[in-house]
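J.: Submitted below is the structure of interest, expressed as structure tokens.
Nothing in this text is a laboratory measurement; each read-out follows from the coordinates by a stated rule. The model shown is predicted, which means the values in this text are computed figures rather than measured ones. Every residue, glycine among them, receives a Cβ derived from its backbone with ideal geometry; neighbour counts consider all protein chains shown.
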């Protein structure tokens, strides 16, 4: 089994999980790169996984089903389903994909949208727009409390878990992290690594839970330096980690 990023739009990644014969795709906002990859690799589409309802994650579903009508589509039960017949899944459900050797647990991660879910199994995490390398999703529908709780759930996964986010936002996210926590040595080293990758046109993903806990300020709200910076920017005392998160998210929105 291997996991390959397919580029879509300006900065989206559609993740293709393949075994040499069949493939599962995650968040196909555009059918064209998926169709091209399947044809090039001589793969059959076995299933589609959706993390949330935004069009850049679901826009290619109908066209893919026109080619592969028997492929099941798994999507969050708390949101508008991307197609008739989609299988609605919710927190704690398991999605068995024996055809590619995977069984994934569904984790509810509201915040970016209210019904957003992630898929986790075998130390692979497909988290859509909840967790990014060095960042997190904007709060289009949820509250800071919801997103902070969602991120804490993901941060509790094993540190070797590979994090497959849906956008190439890493370099700009790290610039924000550096503004918040300029003395973080792990962050400084990662910024150099990411700059080199982007100069070569190479994806910065997947990341890992361990790396994100070391460099991502949205997972570091309990760190004194992060809290202090958030308080200075917010010009207010922040007594709870969730308050620190909310201040950081507002700061990032206008960074």
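J.: Give the angle, between 0 and 90 degrees and rounded to the nearest 10, that separates the Cα long axis of helix 144-155 from the longest principal axis of the Cα atoms of the chain.
T.: Tilt relative to the chain: about 70 degrees.
J.: Determine which residues of segment 194-209 fall in the zone a paramagnetic label at residue 175 would reach in this model, i.e. backbone nitrogen under 15 Å from the point 7 Å along Cα→Cβ.
T.: Answer for this model: 194-196, 198-199.
J.: Report the gain in length on full extension from residue 186 to residue 70: 0.36 nm times residue separation, minus Cα-Cα distance, nm rounded to one decimal.
T.: Values: separation 116, 0.36 × 116 = 41.76 nm, distance 4.59 nm.
Length gained, residue 186 through residue 70: 37.2 nm.
J.: Follow-up. Defining a contact as two alpha carbons under 8 Å apart and six or more residues distant in sequence, what relative contact order in percent does the chain show? Walk me through the numbers before you get to the answer.
T.: Working: 515 pairs, mean separation 33.0, N = 255.
Once divided by the residue count of the chain, the mean separation gives 13 percent.
J.: Oh, and also: Relative to a virtual label point 7 Å from the Cα of residue 1 in the Cα→beta-carbon direction, which members of segment 117-160 show backbone nitrogen distances below 19 Å?
T.: Those under the cut-off are 118-128, 157-160.
J.: Along Cα→Cβ, 7 Å out, is where each label goes; now give me the distance between the ones at residue 240 and residue 103 in nm to one decimal.
T.: Using points 7 Å along Cα→Cβ, the separation is 3.7 nm.
J.: Can you work out the FRET efficiency for the pair residue 225 and residue 10, with r the C-beta to C-beta distance and R0 = 35 Å, to the nearest 0.05?
T.: 0.60
J.: Nearest 10 degrees, 0 to 90: what angle lies between the long axis of helix 241-253 and the longest principal axis of the chain (Cα atoms)?
T.: 80
J.: Here's another thing I want to ask about it. Once you place label points 7 Å from the Cα toward the Cβ at residue 254 and residue 140, how far apart are they in nm?
T.: With each label placed 7 Å out from Cα toward Cβ, I get 2.3 nm.
J.: If a paramagnetic tag sat 7 Å from the Cα of residue 21 along the Cα-Cβ line, which residues of segment 96-110 would have the backbone N under 12 Å from that point?
T.: In segment 96-110, the label zone of residue 21 (backbone N under 12 Å from the point 7 Å along Cα→Cβ) covers 99-101.
J.: I want to verify a result. In a Gaussian network model of the chain, Cα cutoff 10 Å, which of these has the top mean-square fluctuation: 223, 79, 181?
T.: Checking each option, the largest mean-square fluctuation is seen for 223.
J.: Still on this structure, please answer the following. Counting other C-beta atoms within 10 Å, which of 235, 1, 147, 191 has the fewest, and how do the rest follow?
T.: Values: 235 7, 1 14, 147 26, 191 19.
Ordered from fewest to most neighbouring Cβ atoms within 10 Å, 235, 1, 147, 191 come out as 235, 1, 191, 147.
J.: Rounded, prolate or oblate: which one fits segment 62-191, using the alpha carbon gyration tensor with axes a ≥ b ≥ c (rounded when a/c is under 1.5, else prolate when a/b beats b/c, else oblate)?
T.: Note, shape of segment 62-191 comes out prolate.
J.: Measure nothing but the geometry: give the 0 to 90° angle between the long axis through the Cα atoms of 224-234 and the longest principal axis through the Cα atoms of the chain, rounded to 10°.
T.: The answer is roughly 80 degrees.
J.: How much length is gained if the chain between residue 91 and residue 156 is pulled fully straight, taking 0.36 nm per residue apart and subtracting their Cα-Cα distance, in nm to one decimal? Kindly include the intermediate steps, with their values, before the conclusion.
T.: Values: separation 65, 0.36 × 65 = 23.40 nm, distance 1.57 nm.
Between residue 91 and residue 156, full extension yields 21.8 nm more.
J.: What ranking of 126, 176 emerges when the number of other C-beta atoms within 10 Å of each C-beta is taken as an exposure proxy, fewest first?
T.: On the way: 126 24, 176 19.
Placing the least packed residue first, the sequence is 176, 126.
J.: Sum -39500 (n - 2.57) across every DSSP H segment of at least 4 residues in the chain, then divide by the residue count to get the 222 nm mean residue ellipticity, nearest 500.
T.: When only DSSP H runs of four or more count, the value is -10500 deg cm²/dmol.
J.: Which percent, to the nearest 5, of DSSP beta bridges fully inside the chain are antiparallel?
T.: In the chain, DSSP labels about 65 percent of beta bridges as antiparallel.
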